[in-house]
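The values are calculated or read from the model by the stated rules, or taken from the named source; none is laboratory data. Computed from a predicted model, the values in this text were never measured in an experiment. Here the Cβ positions follow ideal geometry from the backbone for every residue, glycine too, while neighbour counts run over all protein chains shown. To get the accessible areas, we keep the full protein, side chains included, count just its heavy atoms, and leave off ligands, DNA and RNA. Shrake-Rupley method; radii C 1.70, N 1.55, O 1.52, S 1.80 Å.
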Amino acid sequence: SKLAALFEHPLYNIPVPEVTEKDKLFTINPMEKFSLRSSGSDEWVSSSKAETLLPTGKTAYDTYPTWLKFHIGINRYELYPRRDPLLPTLLRDLATQRIVSSVQKSGGTQLKLIMTFPNYGQALFKPMKQTRDQETPIDFFYFSDFERHNAEIAAFHLDRILDFRRIPPVSGRLVNITKEIRDITTDKKLAKTFFISPAGNVCFYGECSYYCSTEHALCGKPDRLEGSMAALLPDKTLAKRRSWRSPWRRSYHKSKKAEWELNPNYCAQVRETPPYDRGHRLLDLIDMTILDFLMGNMDRHHYETFEKFGNDTFLLHLDNGRGFGTHSRDELSILAPLQQCCSIKKSTYLRLQLLATQPYRLSDVLREALAADPLAPVLAEPHLRALDRRLGKVLVAVGHCLAR
């Protein structure tokens with residue numbers, strides 16, 4: 001296994017700083033047992049009120065469902081640890097747990113659903129909109145591109161292979177539109193959009209600003225539909241997140257250009273602007289830029305951080321559905337922050353060099369990681385080959401910086 005060998009490499013065993021109580025997203029009462037009242041409400045019950053006693057020798061932590069263990073494991077330095085024993089279980093839960101509720105997620109430009117499981121875990125479902133071998137048409141603007149379910153799955157595994165670990169776990173899943181969406185939804189607006197197509201397939205389209213119409217309906221075969229299931233982060237009422245506008249955001253206008261596209265010295269003013277004037281925020285943004293270039297994602301207008309950790313924490317790499325849309329073209333403008341600032345973390349650079357060598361070739365390790373997903377093959381081969389080519393271009397860009 002190239003993937004196992006990669007994760008054993010010394011570059012993937014650099015210790016994270018010691019995690020103190022203030023570095024954890026949540027402080028947990030070790031006596032608090034996760035239990036559900038017989039009334040069916042989802043409130044927490046302290047061990048003194050719990051209806052069943054803990055088995056001898058078990059801790060309260062053992063009663064937590066996997067999604068909750070994932071949430072309380074988040075800290076200042078990482079969303080989940082490198083050798084996270086929870087990860088296989090969490091991915092399996094996303095792919096197999098019974099869905100008890102499906103409602104449309106508010107906001108956003110395209111249709112997404114919030115799925116709830118019996119243990120109150122939740123996932124964000126993005127349905128399949130195009131096949132693996134379809135490319136984004138060359139005349140499409142990046143902001144009107146489809147969001148792809150397989151891009152969300154591949155992005156999670158790529159982010160982990162790069163050792164960023166800033167994307168919540170994602171699994172592919174085959175959903176029954178009739179039983180797991182239509183028959184159980186309490187969302188009246190969503191419910192009104194279901195119909196049977198002339199071919200006898202169950203379809204729906206929801207409400208959103210892009211691609212929510214009968215012309216862009218999502219149809220099953222006859223009611224089976226692929227999608228990505230992403231573990232939701234803790235509710236914002238429990239763990240506030242801050243949204244930051246990317247300094248290299250595109251103009252989202254059909255003819256206007258952004259300032260960074262016109263000013264080659266743009267990075268100098270970014271370096272003087274908080275929060276990029278201190279700490280590792282700019283280097284973290286360049287990490288995200290490299291991830292986006294490898295995927296071909298031009299749609300990174302904002303990113304988020306957990307408010308509790310202030311400026312000294314990682315960036316969340318959320319919403320990656322517009323990656324992996326094209327394999328035949330490389331959008332070098334995505335690398336502008338790297339090229340203009342000529343900065344990169346040494347650890348990131350060394351790992352990129354490692355992933356360009358034969359024993360750990362990026363396309364090989366990602367192919368192996370994706371083979372375990374329920375919807376494998378997740379990416380068409382040309383997308384995997386494009387990753388190796390793009391990785392070469394990132395290393396060339398760093399080489400030009402070193403020469404300068």
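Tell me, please, whether a residue that is of a type outside the set (Val, Ile, Thr), touching a residue at least 12 places away in the same chain (Cβ under 8 Å), under 26 Å from Asp145 (Cα atoms) and not in a helix (DSSP H, G or I) can be found in segment 279-289.
No.
Hand me the list of helices (runs of 4 or more DSSP H) wholly inside segment 319-404 holding 1 or more residues that are under 30 Å from Met128 (Cα atoms).
Details: elements: 336-341, 346-355, 362-370, 381-403.
Because the criterion is at least 1 residues that are under 30 Å from Met128 (Cα atoms), the helices (runs of 4 or more DSSP H) in segment 319-404 that meet it are 346-355, 362-370, 381-403.
Does segment 344-351 contain at least one residue that is of a type in the set (D, E, K, R), within 27 Å of Glu147 (Cα to Cα) and open to solvent by 10 Å² or more (accessible area, probe 1.4 Å)?
There is no residue in segment 344-351 that is of a type in the set (D, E, K, R), within 27 Å of Glu147 (Cα to Cα) and open to solvent by 10 Å² or more (accessible area, probe 1.4 Å).
Is it true that some residue in segment 108-123 is open to solvent by less than 10 Å² (accessible area, probe 1.4 Å), among the hydrophobic types (A, V, I, L, M, F, W, C), over 21 Å from Phe26 (Cβ atoms) and at pLDDT 95 or above?
Yes.
Limited to segment 371-400, what total is found for residues that are touching a residue at least 40 places away in the same chain (Cβ under 8 Å), among the charged types (D, E, K, R) and open to solvent by 10 Å² or more (accessible area, probe 1.4 Å)?
Result for segment 371-400: 4.
Does segment 269-285 hold any residues that are closer than 22 Å to Tyr252 by Cβ and not polar (S, T, N, Q), and which are they?
The initial filter retains those residues of segment 269-285 that are closer than 22 Å to Tyr252 by Cβ, namely 269-270, 273, 276, 285.
Selection gives Val270, Tyr276, Leu285.
Give just the number: which of (1) more than 17 Å from the chain's Cα centre (by Cα); (2) closer than 27 Å to Pro234 by Cβ; (3) part of a loop (DSSP other than H, G, I, E, B) does Ile138 not satisfy?
(2)
Would you list the strands (runs of 3 or more DSSP E) that sit entirely within segment 190-248 and hold 1 or more residues that are crowded, with 19+ Cβ neighbours inside 10 Å?
Of the strands (runs of 3 or more DSSP E) lying wholly inside segment 190-248, those with at least 1 residues that are crowded, with 19+ Cβ neighbours inside 10 Å span 202-204, 224-231.
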